[in-house]
Amino acid sequence: MALELADTLRREMTAQHPGDNKTRLGQFMTPAGVARFMSSLFPAEHLRDCHLLDAGAGLGALTCAFLERCRKETAEAENVTVTAYEADPSLALHLRRHLNGYVAVKAEIITDDYVMQATADGLLERGYTHAILNPPYRKISSQSAHRRALRRVGIETVNLYSAFVALALGEMATGGQMVAIIPRSFCNGPYYRLFRGFILERSAIRHLHLFRSRSDVFRDDGVQQDNIIIRLERGGKPGPVTVTLSLIHISEPTRRVVIS
């Protein structure tokens, strides 16, 4: 129910502000179908005693989808703790209302800048067992406070989306599972070479989901950008990677192949 409420509000906000659908930090809100698909990628055996991080939670679609999955798999969500960051106060009010629908879940909502919070005391392991992310997409100036904060913890990157992924990965416990939807641009080229090295040193890629069309994911917002969904295992050893492809839409059957 909470996920449907979040998705209805997302559609209403999109209709009210056509052409200006990003949050002020450069973030598009996640449709319910995408959120459910992302939550489905977490291994079922890891869905008890969870501490979930949602950095840049928006209206809460991703966290709500994760909690729905926990209830489906375990018939309870009492052993789930959520830490959700949302810097936009107006979105945080809706986020709180949506998460309040899960009365047994311990949820902490932090209305602050995730990058600055995560780097304030150095990059520390905070025991997150899961992370689900639709991070903001915005370039970081080389002289910005964000860039300086990231450099202090050994992260050199040019965009907020890669900063969020790197920071969340650094905060996760060994064996923790992260699912994130991010632009495909990090996969090649010199700008993201250090970021690629950072994630490959600290995790193993377990799943990659690709989209046939650039407009599949955020079609309501008119976004034309190549995105992928990636699942990482913190501290995992390199191994087979499952690759799936949306043929028509994310809710449709997918092609699947395992690459060793």
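The values are calculated or read from the model by the stated rules, or taken from the named source; none is laboratory data. Please read these numbers as outputs of a predicted model, since none were measured by experiment. For neighbour counting, all protein chains shown are included, and Cβ atoms are generated from backbone atoms with ideal geometry for every residue, glycine included. SASA here: full protein model, heavy atoms, side chains in, ligands and nucleic acids out. Shrake-Rupley method; radii C 1.70, N 1.55, O 1.52, S 1.80 Å.
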### Task
Would you point out the residue of the range 108-123, among those that are part of a strand (DSSP E or B) and touching a strand residue (DSSP E or B) at 6+ places or on another chain (Cβ under 7 Å), that is most open to solvent (accessible area, probe 1.4 Å)?
GLU108
### Task
With the condition kept exactly as written, say whether any residue in the range 62-77 is under 26 Å from LYS139 (Cβ atoms) and in a loop (DSSP other than H, G, I, E, B).
no
### Residues satisfying the stated conditions in the range 151-165, i.e. under 14 Å from TYR192 (Cα atoms) and in a helix (DSSP H, G or I)
LEU160, TYR161, SER162, ALA163, PHE164, VAL165
### Query
Is at least one residue of the range 82-90 in a helix (DSSP H, G or I) and either surrounded by fewer than 21 Cβ atoms within 10 Å (Cβ to Cβ) or among the aromatic types (Phe, Trp, Tyr) (or both)?
yes
### Task
Looking at (1) surrounded by fewer than 18 Cβ atoms within 10 Å (Cβ to Cβ); (2) assigned to a loop (DSSP other than H, G, I, E, B), find the lone condition where MET29 falls short.
(1)
### Task
Taking the residues in the range 224-260 that are of a type in the set (D, E, K, R) and modelled with pLDDT of 90 or more as candidates, determine which candidate is surrounded by the most Cβ atoms within 10 Å (Cβ to Cβ).
ARG234
### Message
Just the residues that are within 30 Å of GLU45 (Cβ to Cβ), crowded, with 18+ Cβ neighbours inside 10 Å and not aromatic (Phe, Trp, Tyr), please, taken from the range 124-150.
### Response
THR129, HIS130, ALA131, ILE132, LEU133, ASN134, PRO135
### Task
Answer yes if at least one residue in the range 136-158 is at pLDDT below 95 and under 14 Å from the mean Cα position of the chain (by Cα), and no otherwise.
yes
### Task
Please verify whether the range 170-179 includes one or more residues that are in contact (Cβ under 8 Å) with a residue 40 or more places away in the chain, among the acidic types (Asp, Glu) and open to solvent by less than 10 Å² (accessible area, probe 1.4 Å).
yes
### Criterion: free of Cβ contacts under 8 Å to residues at least 40 places away in the same chain, out of contact with any Lys or Arg (no Cβ under 9 Å at 6 or more places or on another chain), surrounded by 15 or more Cβ atoms within 10 Å (Cβ to Cβ) and of a type in the set (Lys, Arg) - qualifying residue of ARG96, ARG69
ARG96
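Considering only residues of the range 151-165 that are of a type outside the set (Ser, Thr, Tyr) and crowded, with 24+ Cβ neighbours inside 10 Å, which is nearest to ILE228 (Cα to Cα)?
So in the range 151-165, the residues of a type outside the set (Ser, Thr, Tyr) come out as 151-156, 158-160, 163-165.
Retained after the next criterion (residues that are crowded, with 24+ Cβ neighbours inside 10 Å): 163-165.
On the way: ALA163: 16, PHE164: 15, VAL165: 13 Å.
Here the answer is VAL165.
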#### Entry: Test for LEU160: is it in contact with a Gly (Cβ under 8 Å, 6 or more places away or on another chain), of a type in the set (A, V, I, L, M) and under 23 Å from PHE28 (Cβ atoms)
yes
